[in-house]
Amino acid sequence: NSKLRHVEKDVLIPQIMRDRAKELCSDKVQAFTKCCQETGLLMVVKCRQENTALKDCLVGYYTDPSFNEECKAEYLKQREEYRTTGIKKKRQKFTPNV
């Protein structure tokens, strides 16, 4: 049964999307983090470029329908495994196919 409950559509699948997008945008996450660590209180002004690049990368994934379908399929697979075995798997880090 692949019917999704409200909490699955609005919470659990978006969480997978956020986690995977952060991993896929890790270079931009690192650049923004490094900038913030180096500039301290001035990060709002000094790290604007890094922040914009990070947001653009994340939003690009969040708004991609095929990425949403991919994450939904991943969630359904995890849910099916859990229903079959009763064992909840820890989320594995996503490694893109390069």
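The values are calculated or read from the model by the stated rules, or taken from the named source; none is laboratory data. Fair warning: this is a prediction, and the values are worked out from it, not measured in the lab. Heads up, the Cβs are rebuilt from the backbone with ideal geometry, glycines too, and the neighbour counts pull from every protein chain shown. Side chains included, ligands, DNA and RNA excluded: accessible areas come from the protein's heavy atoms. Shrake-Rupley method; radii C 1.70, N 1.55, O 1.52, S 1.80 Å.
Assigning unit charges at the beta carbon (Lys, Arg +1; Asp, Glu -1) and nothing else, what dipole magnitude in debye, to the nearest 20, does the chain show about its Cα centre?
The dipole magnitude comes to about 400 debye.
Would you list which aspartates and glutamates come within 17 Å of Lys3, measuring only between C-alpha atoms, while excluding same-chain residues fewer than 8 positions from it?
Output for Lys3: Glu69, Glu70, Glu74, Glu80, Glu81.
So how many Lys-Lys pairs in region 6-72 land under 13 Å Cα to Cα, not counting same-chain pairs under 8 apart?
Values: Lys9/Lys72; Lys22/Lys55; Lys28/Lys55; Lys34/Lys46.
Total qualifying Lys-Lys pairs in region 6-72 comes to 4.
Can you give the Rg to Rh ratio for the chain, taking only C-alpha atoms and Rh from Kirkwood?
Over the Cα atoms of the chain, Rg/Rh equals 1.09.
Taking a probe of 1.4 angstrom, what is the accessible area of Ser26 in Å², to the nearest 10?
Answer for Ser26: close to 50 Å² accessible.
Charges on Cβ only, +1 for Lys and Arg, -1 for Asp and Glu, centred on the Cα centroid of the chain; of Phe67, Asn51, Ile87, which one is farthest towards the dipole's positive end?
The one lying farthest along the dipole's positive direction is Ile87.
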